[in-house]
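Report on the following structure.
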Amino acid sequence: MDLDKRTKLERAQKRVATIKGFYDHLTIYVIINILVFIFKGKFIITLLIKEALGNPQILNWIDWNVYGIPIIWGIGVLIHGVIVFKIRPSFLTHWEEKKIKKYMNEEQESSSSL
């Protein structure tokens with residue numbers, strides 16, 4: 001195998017590994033959050049049976065963990081997906097193209113005026 005084909009193969013393998021890493025991350029996120037929602041009620045009952053009876057701060061802490069952490073973690077998964085799949089909003093692509101044309105025209109005008 002020549003060097004060019006080997007390099008392409010290595011890059012392709014690395015790309016597949018990063019995509020697989022994203023899907024692993026997403027799978028873990030979904031499984032953990034489903035389990036948290038399922039066992040939320042049991043967790044509250046366990047806490048209320050023990051010393052937490054009548055303590056509203058404990059219930060707020062549970063709500064934060066059940067609803068807040070999946071949101072924050074979900075933002076992390078979203079960012080991971082954007083990085084892995086190299087998703088770019090179209091307005092950024094159009095903006096870049098316009099700026100490149102502008103600077104190329106400016107460069108051409110400045111070199112032709114000399």
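The values are calculated or read from the model by the stated rules, or taken from the named source; none is laboratory data. Please read these numbers as outputs of a predicted model, since none were measured by experiment. A quick note on method: Cβ atoms are made from the backbone with ideal geometry, for glycine too, and the neighbour counts reach across all protein chains shown.
Okay, residues lined up against (1) charged (D, E, K, R); (2) closer than 30 Å to Phe37 by Cβ; (3) assigned to a helix (DSSP H, G or I); (4) in contact with a strand residue (DSSP E or B) (Cβ under 7 Å, 6 or more places away or on another chain):
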{"site": "Asn60", "(1), (2), (3), (4)": "no, yes, yes, no"}
{"site": "Ile75", "(1), (2), (3), (4)": "no, yes, yes, no"}
{"site": "Ile83", "(1), (2), (3), (4)": "no, yes, yes, no"}
{"site": "Ile87", "(1), (2), (3), (4)": "no, yes, no, no"}
{"site": "Leu92", "(1), (2), (3), (4)": "no, no, yes, no"}
{"site": "Glu106", "(1), (2), (3), (4)": "yes, no, yes, no"}
{"site": "Glu109", "(1), (2), (3), (4)": "yes, no, yes, no"}
Review point. Among (1) modelled with pLDDT of 90 or more; (2) surrounded by 11 or more Cβ atoms within 10 Å (Cβ to Cβ), where does Asn65 come up short?
Key: (1)
**Study point:** Restricting the stretch 9-26 to residues that are surrounded by fewer than 11 Cβ atoms within 10 Å (Cβ to Cβ) and of a type in the set (Lys, Arg), the residue that is modelled with the lowest pLDDT
**Key:** Arg11
